[in-house]
Every structure is written in structure tokens, then in C-alpha cells.
Amino acid sequence: MNAALSFRPIVAERDVEVISRPSLSYWRDAWIRLKANRRALVSLYIVIALGLFTVVGPWLPFVPNHSAQDLDQISSPPGADRTATIVEPYVPWSGVTVNAPGGQAPLEAPASVSLAGEATTQAVRIFWDPVRGAHGYRIYRNIAHPAPDDALGMPLADVLVPSRVSFEDRLDIKPQEYFYSVVPLDRNGREAPVYATLDVSAIRVITAEEAVKRGLAGSTADLAIGDQVELKLHVLGTDYLGRDMLARLMHGARVSLFIGIVAPFLFILVGILYGSAAGFVGGRVDQVLMRFADFVVALPFLLFMILFRILFKIEGGDSGIAPMLIAMVILSWPAAARLVRGQILQIREEGYISASRLLGAKTPYLVLRHMIPNTMGVILVTITFAVPSAIFTEAFLSFIGMGVAPPTPSWGSMCNEGIKTMLTYPHELIFPALFISITVLAFNLLGDGLRDALDARMRSQE
Amino acid sequence: MTTSSSDNPGARGRAVAGAASVAGVPTGQGSRSGIAWLGEGSQLFILSVLGIGAFVLLMMLLSFVSELFGGGGAGEAVDPGTGTITLALSTEPPQLDSTRATDMVSGQILGHVMEGLVRYDEFDRIVPGVAERWEVGGSEAVFHLRDDSRWSDGTPVTAHDFVFAWRKAVEPATASQYAFILYPIKNARAVNNGELPVTALGATAVDELTLEVRLERPIGYFDKLVAFPTYYPIKQAFYEGRDGRYGADAVDLLYNGPFVIERWVHGAQLRMSRNDEYWDHERIRLNTIDYAYITSDVNATLNLYKDGKVAVAGLDAETLHDALEQRWKLERFNDGSVFFIEFNHRPSRLTSNRNLRKAIQFVLDPAELVYKVIKLPGNTPGESLFPVWLKGVNGYFRQEYPAPEHRVDLARAHDYLERAKQELGLDPLPPLIFLSGDNPAANKQSEYFQEVFASRLGIEVKIDRQIFKQRLAKMTSGDFDMVLAGWGPDYADPLTFGDLFASWNKNNRGEYANSVLDGWVEVAQSSLVPEERMRAFDEIQKIIYDDAVILPNYERGSVFVRNPRLEGVVRRAVGTDPDYTNAYIVDG
């Protein structure tokens, strides 16, 4: 074998210079990495959905006005029965009067208690047999049967005319079962230890005019007494004044998200300008600027917020959103400024900056081409973490009554209202609280994902 | 606690930013690789479960700790062994100088530790107090004091003590807001205005035990009037010895009532114990009334009741359902006060326009407010300035002179509104300022009214929420268009409501001025013929409706629960309320 033959000149490989995969820009790479992070992606979808919820939500056909009060469906939980029967308009009842039989103690229980007409949510009218020697009657109502421990429930009224043996109840009647008890009273207005009870099931009713006014039917002519109509749908139920929870949540999101996005955007902008100036100029100027930032950190937020309210002559009845925004911007920028300054100080000493400078780059070019893009990741991450914090602050301030003015809702003020009925109508607290939690969690997880995606140094470790 | 967790969002931002800047060394990495096999979704799930578990554990620990430290505070709500009852007080009295007291809580405490010439018994009858007997006739009244009534330092209560207290109350330097209640006494108004020296006041101590009072004009209800706290006695030597601190603390008061204040920790506790120097101390069966909690939070008080820490707790519409499920015995009480929307009648305000007021009047339905919004039994829809319990000539005033009939009438309301807009030359009307209290009940009502005005009339209102003191200040300075106001009776005569809108009354904060109404008030004040007086009140009632001076909302009632072993608690519209002086503990 010829040794020369065993060697073959290599063919020049032209492919070596070809980049086999498209080059990734910084943002494209970040996006791919973000997409790979399921947590962050889900959070992103939630944030987008929240935006749609706020902007598009109120225009949906089944969402009523956020301040309209549906007094027939106060505090009704989601999915409550909405059937109502058409009845005549309410007319006052003259009641039942008899000749009071005289006599003496001991007082006996009324022989019977009966219902006059139908028991409706408009009124429940009861009358009873007079009791010999009674000087009046006390009427109780309960949601469960008084037996066995004589729990008569809540005292509705005293009828202090012995000849009057009837009572009309109109107090917040719900379509449910009630137990009315009548107790005779003696000469001194004291209760006798006896009572008679009537079991009543009230039905939900509405007058034809009301039904038309609420848009449940075309005209009164379409409705006959006894017809059934479905009351307005409230997807997430109603609050303590019969206002639609969903509409209020959508409207409240406006305030929460406005503060949550505008405030961080503004104070981080201030922080970037301030921090990059301090970091780039350095030296004594840096010292002075950063000590001032330290001073601002020491100012108490709540106190400033109240001072701004006074300064702007925010009286009760005006919205406190503007002073809240200004106080947040004025007091929250130092965090971002410090961060940006730190980054700029670090980048300033990098080799490529020196090289660029040697090649004759001017200051604006250095700042715009090298410094700002390299701090962008940190800045974006700061924004995403500042957003939930701002939303939380808004919710808290509205909760203590320093935020929005009624009737404008905000999630915080809705929580404040809901907490009073927490045990009886939990949905009034749970929904706004859930929205605050989910929003804050989503922004936090999204920020987490963004940090992973944008920080260049993270790449090498995966 | 709220401030420290909240006041500085900057701090939150900084902490987060710090974590971000050291992200080069990912802190979460260890845990991530540790449970990587679970996948991201289940990792999130496990973390949330762990988080919730930790939260529950923390809460249990906290409640355990609070049991450890909070449990020892107060004993049983009702303790028959020591004759002690424990209660919660809604707010602390600002001070207990009877000449300057204005609020209901001060009146309640003063009613237990002081006694006037007369007092109300458990059936709301006027019975002798310090005065053994009295004669009220024409424009003179003479009170004969009992000789065994003593101050808590053992010295006798004399007629001089009353003269001193009354002079103090009308003295301009005292600036008592309730000086007007002494105006029936000769020269009281002139003294209060600084026109006459205090010695000119028509009350003189003839001797130690005889008090002679000359009146401006004959009035039929003066004996009812002297049960009011401003008429309580003060011992001059003690008052002057306190150097301006009279009534500021437990030691700065001298007591002549059934109880003395034993301990007053400002903001936390007020404990009263029986006064053995009290002339009728055998009537008193409780040894100690301990207001161990000072809170206006209905939920907190109810929880204390549930734990057996307080003997009485008030309920609101929100806690009512809970109480029904507990199967407690509930009691109802009408406190005699009337709540209404008061208009600002100052000429610079839009609400001085009668047509605008009438328009608002015709869209309001007090029944809807009471039955759908307030939802508390005992409240009754307001129909008149004069509540239903006031006595008329023979029976009840409102049965003899029914309130003007009112019905919602949208067509008429819009008619009035159009006329108002024309007269005012404004279309649309600028937002009106609706002054309201800052408490859950007032918030609910004001938001209800806001929507009613907006949807039925198209009038926008701005709700101005203020605490009680600030609301009164704004009412006095006229800084409102409409205000949610109320009035409780000072004495059991319709005049306590009837003179409220007289042009000279300082409590007429809307500054309504109508010479016809003033005329009827004068008739009611000066006449001694019941029929004539009641007719005058009826005229006032009609003017108030026709001119829409105020819009009655409701007569306030309350519902409360009481420990079944505590008996003899008296609730009343006029006088000390609630009154525990006759209360006792039953065994069981």
C-alpha cells in the first residue's frame, strides 16, 4: 500500500460557517423560556383574562349596572332560586278587630293562629283567636320550630290593643318557611308562659309593574296575576343592597388594576431616571442622591396618604384614588432607583463598556445601547413584583375606607362590606377576597417566571 | 397592628427587589430539584396544601396563646356569689360632669351613680328621688328634699348643691350644650347669654332641704324635666376642690346615686359598685356592675356573649340570623328616637328650594328602607317627627293626630323636580352633599339613598362619611345639603321633638326658619291646656310634612340578647337606658 494513498486531502467543509439554527434575540429567548415555565404561563393567561374581565366584562349582556339595587334579591347567593309569582300591588291591611273578651288570669294560649290571604315576600298577614283577659299580644318569628325549648325567635312587634287580633309582617321576608308565635301579654305588658305557633311558607312575589320596570316582561298586559316570572339573573349572587356581585367585581377590578399598573409604572420610571443618573455620574453626586433616597424610604406611607387627602381637599364623598396614587409614586421609587443604580455601577465597570468608550462612544450611546438594555431584565422583574404589592395596598386602603367613594366598588371595599355578613352570606366576602388572592398570586408567579426568563445568568445553570 | 403591616409598600418592594438582584444564585433551586419528579402542576398543589396547613396550624397556635393570656381577664358574665354582672359599653363617656354631658353613654352611667330630685321607676313613672315631695303650681315649684340623702363622702345632699349645679350649667363659661334644658327656669336664658349674673337664676335654697324654683312661665311638665342629668346636684366644695378636673376620673366625682365608680381605666374598663351611703340602698340588689369591655363592635360583643363573658349583647341585621340559629331568647326595644334626613335650609344651598325637597320626599319610601335595608325588628317606618309612643290628650298623640299620609309618587316627584330646576336655573343639578355617620348601618342607608336618588330622580349625591363629632361640627357649620340625623327625647313630652325646628333652637342645624312654625312652638310652650298644645303639635307635624323640612326615615328599635339569669333590666325611651339599678341575679 502506498502510504501516500492512505492520506486524502480533506474537502473544505463550507457548512462550518453556516448557523444551523436561527439566532435568538434576547426577547425571543426570554419568551421561549417563559413558555417552558408552566406556572408562569398559567399566570400570564390569568392576567390576560383579568384584563378582559375588566374591559370587556361590563359589556356582557348578563351583567347589570354595578350600582343598581335589586331589593327583591338582597344577599342572594349564586344559584339561588329566582322564580317569582305576579301579584297585585301592595295595599295596606286594615287587620282583624274583635270585641276583646274580658276575664282574668291565668292567660291561655290563643286557640288558633291563622293566615289571612297568601304568605308572600310582600307581606304575611296573620290573625288569631282572642285570649280572655289579654291586654295585648307579642308576635315572634323564627326560622325553625319553637319546640322543644320554646325558642320563639325574634320579637317582631307588640300589639297593645286588646281588641286587635291581627298582625301584618313585612320585615325582610324571604321565600322560606317561618314559624310565627303569638304570646298574650298581661296588664303590665309581661308575657304569659304560653303561646300558639303558625307554620308559614312564604312565596316570592313581584308586582306586574315592577316586573316590567325590571325588564322581566314586555308590558303589564303580558302578565296575569299568578303568572311565574324569573327574576334577573345574578351569576355570582348579590350583596347587602341587592347589587350584582359580578358587575361590582368587574368594576372593582378597574380600580384595583388601574392602581396596580399605573402606580408601579410611574414610580419605576422615576426610579430608573434617578437611579441611572446616580449610578452613571457616581462620586459625590451619587452619594447625595442616594442619601436622599434613604431619607424618602423613612417617610411613613399612611401618614403621607392622609396628608395628601387634606392637601387635595378630599372630603368624604370624593374618591381617594388620586392621593393614593401620588403618595405611592412619591414614596415608592427609591427601591427601583437603588436597584437600577446598583446595576449601572456594575455595568459601568464592565470590559465592553471600556472598549466601547475607547472606540469613541459618547455617553448617550453608552446609556441607550449598553446600560438600559442590560438593566431591562431587572426593571421588568421589579415591575411585576411591584404590581401585586400595589394592588394589595389599594385593597387595604379601600378596606379601611380611605380609597374609593361609594357607589364605586373596589375589591378592598367589597371585602370590608362582606366581612360583616361573613357568617350568614359568605359569598359577599369570598368572591372579592378570592379575586385579590388570585390576582396577587398570578402577578407574583408571573414575576417569578419573568425573572427566570430574563436573567441571563440563569441560563448557564439549566 | 394594621398600620405596621401596611404602611410601607416600599418595604415590600425593597425586599422583593433584593431577592431579584441576587437571582444569579437561585434560591429556589434546591427545592426545585428535590421534587422535580412531581412535575410543576403537582408541585404547586403540594406547596399550596403545605401553605394552607401551616396557616391552619398558626391560627390554632394563636388561638391557644390568646386563650392562655386572655382567659383570665373577666370571670362569669353573671356571678351570683359576688353579685357581679359583667357588661360591654359601646363607647367610653368623654367625661362625667353632669352639666356638660350630652351623649347617651354619659347619661347611662350618670343615671347609675347620681340621683336627681326625681327619677323614673321601672314602669316609667316619676317617683321621688332626692326630693321627698314637691309642688309645681303656676310659675313656681317647690321641692322638699329628704334628710337622709347623702353624698358618697357621708355629707348630706342639700338644696344648695342643686342651685350650684344649675348655675354652673347656665354659666356662659361652662358652655354647656344642654343649658337650654334649664331655660324654663326664670332668667336661665338671660344668664346663659351673659346678660345677667348667675345669681339671677330663679332657683334658690330657702333652707338646707327646701328648693324653690321660679319659672319663666307656667309649664306642666317641669317635674319630668328635673329627672334629666343636667338637673343633677353637684357639691360646690368638692367641685371647686377638683380644680377643673370634676368628672374626669373616678376620684374626681362625688356620688349620690345607687352606685359609685370604683375603677375607671380609660378606654378599657369602668366598674361600678353599690353605694352604701345611698338613702335607698336596700332597693339595690347588685353589688357590682363591671363594664369590663369598651367596644362598639357588634360582632365582638356577641362573641363575648357567646363565651359567657358579658350578660347583654345588642344585635344587628347581620348577626340576627346567627342568634336565631343559637335559639336564644331575643328581646326587642324601641329607644324612642326618630331618625330622618334633615335638609340644609340656608339660602345658599340648593336644598333651600321647597320644590327640590318635595321631589325628594315623593321618591322616598320609609317602609322599603326599614323592611328591606335595615331589616331589624323594632324599627318602624318613620311617618312623622313625633314618634308613636308620645302621649297626647288622653291616649297616644299619633292616634289622636295621625301623621299626614305619604305615598311614593314618581310623577309628582318629577313635576316638582322640573319646577325646582326652572327656579334654580340649573339642569342638570350639581351633585348634592349627603352627610352621614361612619358606621356600618349609616353606610348601608346612605348608599341605599344614593341609588334611590340616582335611579328615581337622576340626582347625584356625594356621600360624606364622618364620625359623630365631626358630623355634628359639619352640621353646625352648615357644610351639607342633606344629613342623616336623629333625635332622642330628653323628657316625656312632645315638646322635646316639637321645638326642634324652631328658628331659635341651636339643634336646628339646617337653620329652618318659619314664623308660623315658631308661633305654634310658642303656643305649645306657654299653653297649659292639653288640647291646645296637642293641636299646636299637630300643626307643627303638618308644616314639617308640607314644607318637607325633614324626611322621617324610621323610629329606631334594637334587638338584644340577655343572660337568662339576669332579671329586672329596664329599657326606656326617656331617662337612664339601660337601667340596671333594679336588676338582680336569679339562681339557676
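The values are calculated or read from the model by the stated rules, or taken from the named source; none is laboratory data. If you're wondering where the values come from, they're calculated on a predicted model, not measured in any experiment. Note that each Cβ is placed from the backbone with ideal geometry, even for glycine, and that neighbours are counted across all protein chains shown. The accessibility values were calculated without ligands, DNA or RNA, using every heavy atom of the protein model including side chains. Shrake-Rupley method; radii C 1.70, N 1.55, O 1.52, S 1.80 Å.
Some values worked out for this structure:
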item: Overall form of chain A per C-alpha gyration tensor (a/c, 1.5; a/b vs b/c); result: prolate
item: Rg/Rg_globular for chain B, with Rg_globular taken as 2.2 N^0.38 Å and Rg from C-alpha atoms; result: 1.15
item: Acute angle (nearest 10 degrees) that the helix A:427-454 long axis makes with the longest principal axis of chain A, alpha-carbon atoms; result: 10
item: Descending principal axes extents, the stretch B:386-523, alpha-carbon based, whole Å; result: 48, 36, 29
item: In Hz, Karplus ³J(HN,Hα) per residue of the stretch A:133-149 (6.51, -1.76, 1.60; θ = phi - 60°; x = Gly, Pro); result: x, 6, 9, x, 9, 10, 10, 10, 9, 9, 9, 9, 5, x, 5, x, 9
item: Accessible-area composition of the stretch B:502-584, carbon plus sulfur, in percent [1.4 Å probe]; result: 49
item: Nearby lysines by direct alpha-carbon distance to B:Lys474 (threshold 16 angstrom, same-chain neighbours under 8 apart not counted); result: A:Lys313, B:Lys462, B:Lys506
item: Mean ellipticity per residue at 222 nm, deg cm²/dmol - from DSSP H runs of n ≥ 4 across chain A, formula -39500 (n - 2.57); result: -14500 deg cm²/dmol
item: Solvent-accessible heavy-atom area per residue, rounded to whole Å², over the stretch B:378-444 at 1.4 Å; result: 53
item: Principal semi-axes in Å for the stretch A:125-255 [√(5λ), Cα gyration tensor, largest first]; result: 39, 20, 13
item: Part-to-part distance (alpha-carbon centres) for the stretch B:529-588 and the stretch A:415-445, which is given in Å; result: 40
item: Cleavage-rule hits (chymotrypsin sites (Phe, Trp or Tyr not before Pro)) in the stretch B:477-557: DSSP loop, at most 15 neighbouring Cβ within 10 angstrom; result: B:Trp504
item: Among A:Val11, A:Trp128, A:Gln346 the positive-end extreme of the charge dipole of chain A (Cβ point charges); result: A:Val11
item: Charge dipole magnitude, Cβ of K and R +1, D and E -1 - the protein assembly as shown, Cα centre, debye nearest 20; result: 4620
item: Descending semi-axes in whole angstrom, ellipsoid equivalent of the stretch B:42-156, from the Cα gyration tensor; result: 56, 18, 13
item: Mean separation of Cα contacts under 8 Å (6+ apart) over length of the stretch A:312-406, as relative contact order %; result: 51
item: Average partner coverage of A:155-161, which counts Cβ from other chains inside 10 Å; result: 3
item: Within 10 Å of each Cβ in B:362-374, the average number of Cβ atoms from other chains; result: 3
item: Extent along principal axes [Cα atoms of the stretch B:515-568; Å; largest to smallest]; result: 53, 29, 14
item: Rounded accessible area per residue of chain A, 1.4 Å, Å²; result: 49
item: Distance between modelled label sites at B:His281 and A:Ile48, nm, 7 Å Cα→Cβ extension; result: 8.2
item: Summed buried accessible surface, chains A and B, 1.4 Å probe, nearest 100 Å²; result: 5600
item: Contour excess over end-to-end distance, with Cα ends at A:Ile419 and A:Leu345 and 0.36 nm allotted per residue; result: 21.8 nm
item: Largest-first principal axis extents of the Cα set of the stretch A:235-393 (Å); result: 71, 36, 19
item: The stretch A:197-296 - Rg and Dmax from Cα coordinates, angstrom; result: 29.5, 88
item: Spacing of the two label points (7 Å from each Cα toward its C-beta) at B:Thr91 and A:Glu108, in nm; result: 5.3
item: Calculated [θ] (222 nm, deg cm²/dmol) that DSSP helices of n ≥ 4 give over chain B, each run adding -39,500 (n - 2.57); result: -10000 deg cm²/dmol
item: Three semi-axes of the equivalent ellipsoid, the protein assembly as shown, Cα gyration tensor, whole Å, largest first; result: 65, 36, 30
item: Relative packing of peptides B:227-235, B:89-97 - highest average C-beta neighbours within 10 Å first; result: B:227-235, B:89-97
item: Cβ crowding within 10 Å averaged over residues, with B:255-267, A:326-338 ranked highest first; result: A:326-338, B:255-267
item: Between the stretch A:383-406 and the stretch B:136-200, the Cα center-to-center distance that results, in Å; result: 55
item: Cα centroid of the stretch B:441-455 to Cα centroid of the stretch B:93-109, whole Å; result: 32
item: Cα-projected label distance for A:Val56 with B:Ile52, points at 7 Å along beta-carbon direction, nm; result: 3.0
item: Stretchable slack from B:Ala454 to B:Gln470, in nm (0.36 nm times residue separation minus alpha-carbon distance); result: 3.1 nm
item: Carbon plus sulfur fraction of accessible area for the stretch A:120-275, probe 1.4 Å, in percent; result: 57
item: Cβ-placed point charges (K, R +1; D, E -1), dipole of chain B about Cα centre in debye, nearest 20; result: 1400
item: Charge dipole of the protein assembly as shown about the Cα centre (unit charges at C-beta), most positive-ward option of A:Tyr137, A:Trp411, B:Ser348; result: A:Trp411
item: Dimensions in Å of the stretch B:228-326 - Rg and Dmax from alpha carbons; result: 17.6, 55
item: Over the stretch B:140-198: Kirkwood hydrodynamic radius from C-alpha pairwise inverse distances, Å; result: 12.7
item: Chain A, relative contact order [Cα under 8 Å, separation at least 6], %; result: 19
item: Within 10 Å of each Cβ in A:447-454, the average number of Cβ atoms from other chains; result: 2
item: Cβ-based charge dipole, the stretch B:173-323, positive-most Cα from B:Leu270, B:Tyr178, B:Leu253; result: B:Tyr178
